[in-house]
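Visitor: Have a look at this one before I ask anything.
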Amino acid sequence: MGGLAERVIQRIVVLMLGSFIGLLALCKIVIDCVKVGPSKVFSQQKRNKPPACLEDSSLGTHGYAHLEDIRMHYVSNGSEDKPLMLLVHGFPEFWYSWRYQLKEFKDRYRVVAVDLRGYNETDKPAGKSNYKTAKLVADIKQLITALGYSDCVLVGHDWGGVVCWMFAETFPDLVNHLIILNCPNFKVFQKHLRSSLKQAKMSWYIYFFQLPFLPELMFRLQDYAILDQLFRGKHSGVRSDRMSDEDIEAYKYTFSRSGLTGPINFYRAGFGGERRPPDQSGSRSKGISVPTLLLWVQRMQRWITDLQKCPGNRRQKIKDILKTEDWRRKTACSSLPG
Ligand SMILES: *[C@@H]1O[C@H](CO)[C@@H](O)[C@H](O)[C@H]1NC(C)=O
Ligand SMILES: *[C@@H]1O[C@H](CO)[C@@H](O)[C@H](O)[C@H]1NC(C)=O
C-alpha cells in the first residue's frame, strides 16, 4: 500500500513539473511568434522524396521481421554465416545513425541496424503502454530468433542503450558482448534522477515528455529546428563533419513522415511512475554478467563510479575514449572487447 501511495505522489510531482515546463514551452512559442512571426514558427517544408543518402544501397539491404505484435524494419549488411551484431539506436534517431558501423563491421559480422517500434518503417502501435521497456526488450529477443541466430553482439546507444542493458540482464545467454554508448544502466539513472537535483534539472525533458501533444508540437516547430540543435548544436551536437546537411535532412524527412509520438511514448511509458517490471527470475537484481564495453563522454563521469557499484557488474570494462569528440566515428574505429 505504501508503495502505491508513493507511486501516486511521484506521478503527481512528475506531472506538475511537466506542466510547469509545458507552460514555459508555450511562453517560448508566443515569444518566438512575436520575434519571427507565426508563419516562420509553424512553417514546415514539404518533403516528398527521401534525401539520396537514405537510398544509398551501399549501406545495406532493407528487411522486415514479423514479430509477435509488430513488424520490425531493419537495414543489414554482411554475410549471413557471420556472427550477428545488432545495433539499437537512441532518441530521436533511427537505423541511419549506424551508417558508419554498417560499413565498418560488415566484413566480420552480419550487421543489423533496427528501427525500434514507433520509428520510421517499424510498426507504431497506438497507446503508450505499447512502449514499455519490457516490450522493447521482447522485440529484440524475437528479432534475434527471427534472424536465425541464438546470440549476438548487442550494441545500444541512448534509449537503445536502456533496452540493451535490460536485455543483457534478462537474457544473458543471448548476448556475447554488450557494447553501450553513453547510456547509464537504467537503475543507476533512476536513482540519480530521484536523488540528484542537478540530474533532475538536466533531465527536464523527461518531465516535459509526460505531457500529451505539446512535446510533439515542439519538435515540429520551425521545420524541426530542434533536430538541428540536437545533432549539431553547441551543447549536444556531433562536433565534426560527420553530420552533413543531408544527414540532418534524413532525420527531418523521416520524422516528418513517421511522427514523434511513438518515440516520445518511450518516455511516457518508461518514466511514468510505473513499477519496474519484476525481475524474470523473481529474485533480486542479477546485474550484468556478460562482458560489457561502455563508451562514455567524460563529463558524465559520476555515473561511471555508480555503475561500478551496481550488483553483478564484475565483467564490465569502462572506457572513456571519447571526451567531446564524435562518438559515432570513434566507435567505428575502436575494436571489440575480446
Ligand atoms: C554491403 O555493402 C557493400 C559496400 O558497402 C555494398 O556494395 C553491398 O551491396 C552491401 N550488401 C548488401 C547485402 O546490402
Ligand atoms: C524510413 O526510412 C527510409 C529510409 O531508410 C525512408 O525511405 C522511408 O520513407 C522512411 N519511412 C518513414 C515512414 O519515415
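The values are calculated or read from the model by the stated rules, or taken from the named source; none is laboratory data. The structure presented is a predicted model; accordingly, all values stated were derived computationally and were not measured. All Cβ positions, glycine included, derive from the backbone under ideal geometry; neighbour counts span all protein chains shown.
Visitor: Would you confirm, using the coordinates I've provided, whether Ile31 is without any contact (Cβ under 8 Å) to a residue 40 or more places away in the chain, more than 16 Å from ligand 2 (Cβ to nearest atom) and within 26 Å of Tyr131 (Cβ to Cβ)?
Guide: Details: without any contact (Cβ under 8 Å) to a residue 40 or more places away in the chain: yes; more than 16 Å from ligand 2 (Cβ to nearest atom): yes; within 26 Å of Tyr131 (Cβ to Cβ): no.
It is false that Ile31 is without any contact (Cβ under 8 Å) to a residue 40 or more places away in the chain, more than 16 Å from ligand 2 (Cβ to nearest atom) and within 26 Å of Tyr131 (Cβ to Cβ).
Visitor: Any idea which residue in the stretch 71-80 is nearest to Ala134 (Cα to Cα), counting only those that are buried (at least 19 other Cβ atoms within 10 Å of the Cβ) and more than 9 Å from ligand 1 (Cβ to nearest atom)?
Guide: Met72
Visitor: Just checking, how many residues over the stretch 46-66 are among the small types (Gly, Ala, Ser), within 9 Å of ligand 1 (Cβ to nearest atom) and at pLDDT 95 or above?
Guide: Residues of the stretch 46-66 that are among the small types (Gly, Ala, Ser), as a first pass: 52, 57-58, 60, 63, 65.
Remaining after also requiring within 9 Å of ligand 1 (Cβ to nearest atom): 57-58, 60.
Restricting the remaining residues to those that are at pLDDT 95 or above gives 60.
Count: 1.
Visitor: Please go through the stretch 233-249 and give me each residue that is touching a helix residue (DSSP H, G or I) at 6+ places or on another chain (Cβ under 7 Å) and part of a helix (DSSP H, G or I), ordered by number.
Guide: Glu246, Asp247, Ile248
Visitor: Can you find a residue in the stretch 140-154 that is assigned to a helix (DSSP H, G or I), more than 22 Å from Leu17 (Cα to Cα), touching a residue at least 24 places away in the same chain (Cβ under 8 Å) and of a type outside the set (A, V, I, L, M)?
Guide: Restricting attention to the stretch 140-154, the residues satisfying the condition of being assigned to a helix (DSSP H, G or I) are 140-146.
Restricting the remaining residues to those that are more than 22 Å from Leu17 (Cα to Cα) gives 140-146.
Remaining after also requiring touching a residue at least 24 places away in the same chain (Cβ under 8 Å): 140-144, 146.
From the residues that got through so far, the ones that are of a type outside the set (A, V, I, L, M) too are 141-142.
Yes, there is a match, as at least one residue in the stretch 140-154 is assigned to a helix (DSSP H, G or I), more than 22 Å from Leu17 (Cα to Cα), touching a residue at least 24 places away in the same chain (Cβ under 8 Å) and of a type outside the set (A, V, I, L, M).
Visitor: For the stretch 60-92, give me the residue count where each residue is of a type in the set (A, V, I, L, M), under 30 Å from Gly237 (Cα atoms) and touching a residue at least 40 places away in the same chain (Cβ under 8 Å).
Guide: Looking only at that region, the number is 6.
Visitor: Additional query: Of the residues in the stretch 164-201, how many are charged (D, E, K, R) and touching a residue at least 24 places away in the same chain (Cβ under 8 Å)? Don't jump to the end; show me each part of the working.
Guide: To start, the set of residues in the stretch 164-201 that are charged (D, E, K, R) comprises 169, 173, 187, 191, 194, 198, 201.
Going one step further and asking which of them are touching a residue at least 24 places away in the same chain (Cβ under 8 Å), we end up with 169, 187, 191.
Matching residues across the stretch 164-201 total 3.
Visitor: Here's something else I'd like to know. Considering the stretch 81-105 alone, what residues qualify as being within 14 Å of ligand 1 (Cβ to nearest atom) and either surrounded by fewer than 19 Cβ atoms within 10 Å (Cβ to Cβ) or not basic (Lys, Arg) (or both)?
Guide: Narrowing the stretch 81-105 to residues within 14 Å of ligand 1 (Cβ to nearest atom): 81-82, 85, 95, 98-105.
Selection gives Asp81, Lys82, Met85, Trp95, Trp98, Tyr100, Gln101, Leu102, Lys103, Glu104, Phe105.
Visitor: Please verify whether the stretch 193-200 includes one or more residues that are more than 15 Å from the chain's Cα centre (by Cα) and either surrounded by 22 or more Cβ atoms within 10 Å (Cβ to Cβ) or modelled with pLDDT of 95 or more (or both).
Guide: Of the stretch 193-200, the ones more than 15 Å from the chain's Cα centre (by Cα) are 193-200.
Add one more test, that the residue is either surrounded by 22 or more Cβ atoms within 10 Å (Cβ to Cβ) or modelled with pLDDT of 95 or more (or both), and what stays is none.
Scanning the stretch 193-200, I find no residue that is more than 15 Å from the chain's Cα centre (by Cα) and either surrounded by 22 or more Cβ atoms within 10 Å (Cβ to Cβ) or modelled with pLDDT of 95 or more (or both), so the answer is no.
Visitor: Out of everything in the stretch 106-125 that is outside any strand (DSSP E or B) and without any contact (Cβ under 8 Å) to a residue 40 or more places away in the chain, what residue ends up being nearest to ligand 1 (Cβ to nearest atom)? Talk me through it step by step, then tell me what you get.
Guide: Filtering the stretch 106-125 for residues outside any strand (DSSP E or B) gives 106-109, 115-125.
Pick out the ones that are also without any contact (Cβ under 8 Å) to a residue 40 or more places away in the chain and you get 107-108.
On the way: Asp107: 9, Arg108: 13 Å.
Across the stretch 106-125, the extreme among qualifying residues is Asp107.
Visitor: For residues that are of a type in the set (S, T, N, Q) and at pLDDT below 90, scanning just the stretch 170-187, find the one that is farthest from Asp139 (Cα to Cα).
Guide: Step one: filter the stretch 170-187 for residues of a type in the set (S, T, N, Q), giving 170, 176, 182, 185.
Still in the running and at pLDDT below 90: 182, 185.
Numbers: Asn182: 22, Asn185: 19 Å.
Residue satisfying both the conditions and the ranking: Asn182.
Visitor: While we're looking at this one, here's another question. Taking the stated definitions as given, is Ser79 farther than 28 Å from Ile264 by Cβ and within 16 Å of ligand 2 (Cβ to nearest atom)? Explain how you work it out, then say what you get.
Guide: Working: farther than 28 Å from Ile264 by Cβ: yes; within 16 Å of ligand 2 (Cβ to nearest atom): no.
So Ser79 fails the test.
Visitor: Considering Ser39, Ser129, which residue is surrounded by fewer than 21 Cβ atoms within 10 Å (Cβ to Cβ), within 26 Å of Arg232 (Cα to Cα) and more than 13 Å from ligand 1 (Cβ to nearest atom)?
Guide: On the way: Ser129 fails: within 26 Å of Arg232 (Cα to Cα).
The conditions single out Ser39.
Visitor: While we're here: I'm told Lys234 meets every condition in (1) surrounded by 17 or more Cβ atoms within 10 Å (Cβ to Cβ); (2) at pLDDT below 95 except one. Can you identify the failing condition by its number?
Guide: Evaluating Lys234 over (1) surrounded by 17 or more Cβ atoms within 10 Å (Cβ to Cβ); (2) at pLDDT below 95 leaves (1) as the failure.
Visitor: Quick check on this structure: which one of Ala65, Ala126 is small (Gly, Ala, Ser), touching a helix residue (DSSP H, G or I) at 6+ places or on another chain (Cβ under 7 Å) and more than 11 Å from ligand 2 (Cβ to nearest atom)? Write out each step before concluding.
Guide: Numbers: Ala126 fails: touching a helix residue (DSSP H, G or I) at 6+ places or on another chain (Cβ under 7 Å).
Answer to the check: Ala65.
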